[in-house]
Amino acid sequence: MVFVLFRSARPSAPQWLGRRWLAALDAVLWPAIWIALVASLPVDGGVVGAVVIGVAALFACERLVRAVLNNERYWFTTWRWGRWVVIALASGLLIKSLLN
């Protein structure tokens, strides 16, 4: 028996002035961070480091094309992951202030 499940497509993202430029920046920024992290390792990454850099570069190209040419289908990574980082930092600051 085989089950085939289909998800409905996400709705198109709202369009606003400057969204295409910010999406292009967001599309390149996150893979560039991964490349910088791997390149700054204190030890040689070897083949794994080269593969991570290559895959990140491919993701950057794919994300940049989607951000510029198919902008209504691009969703910001910074918003998706950044809000959780901000929540974790705010929680840590709250706990630190309560313990002092």
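If you check 18, 54, 49, which single one turns out to be open to solvent by less than 70 Å² (accessible area, probe 1.4 Å), small (Gly, Ala, Ser) and touching a Leu at 6+ places or on another chain (Cβ under 8 Å)? Spell out the reasoning first.
On the way: 18 fails: touching a Leu at 6+ places or on another chain (Cβ under 8 Å); 54 fails: touching a Leu at 6+ places or on another chain (Cβ under 8 Å).
Result of the check over 18, 54, 49: 49.
Pick from region 6-52 the residues that are of a type in the set (Val, Ile, Thr) and under 18 Å from residue 77 (Cα atoms): which of them is modelled with the lowest pLDDT? Full working, then the answer.
Taking region 6-52 first, the residues of a type in the set (Val, Ile, Thr) are 28, 33, 35, 38, 43, 47-48, 51-52.
Subset that is under 18 Å from residue 77 (Cα atoms): 28, 33, 35.
Details: 28: 96, 33: 91, 35: 95.
Here the answer is 33.
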Restricting the first residue to region 56-74 and requiring it to be in contact (Cβ under 8 Å) with a residue 24 or more places away in the chain, which pairs with a second residue that is open to solvent by less than 80 Å² (accessible area, probe 1.4 Å) and outside any helix (DSSP H, G or I) meet a Cβ separation below 6 Å and a spacing of at least six or different chains? 66/74; 67/74; 72/12; 72/13
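Quick grid of which residues meet (1) of a type in the set (D, E, K, R); (2) closer than 13 Å to residue 19 by Cα; (3) touching a residue at least 60 places away in the same chain (Cβ under 8 Å); (4) surrounded by 11 or more Cβ atoms within 10 Å (Cβ to Cβ):
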site	(1), (2), (3), (4)
76	no, yes, no, yes
82	no, no, no, yes
88	no, no, no, no
91	no, no, no, no
94	no, no, no, no
98	no, no, no, no
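The values are calculated or read from the model by the stated rules, or taken from the named source; none is laboratory data. The structure displayed is predicted, hence computed values, not measured ones. With ideal geometry, Cβ positions are generated from the backbone for all residues, glycine too; neighbour counts draw on all protein chains shown. Calculation scope for accessible area: heavy atoms of the full protein, side chains included, ligands and nucleic acids excluded. Shrake-Rupley method; radii C 1.70, N 1.55, O 1.52, S 1.80 Å.
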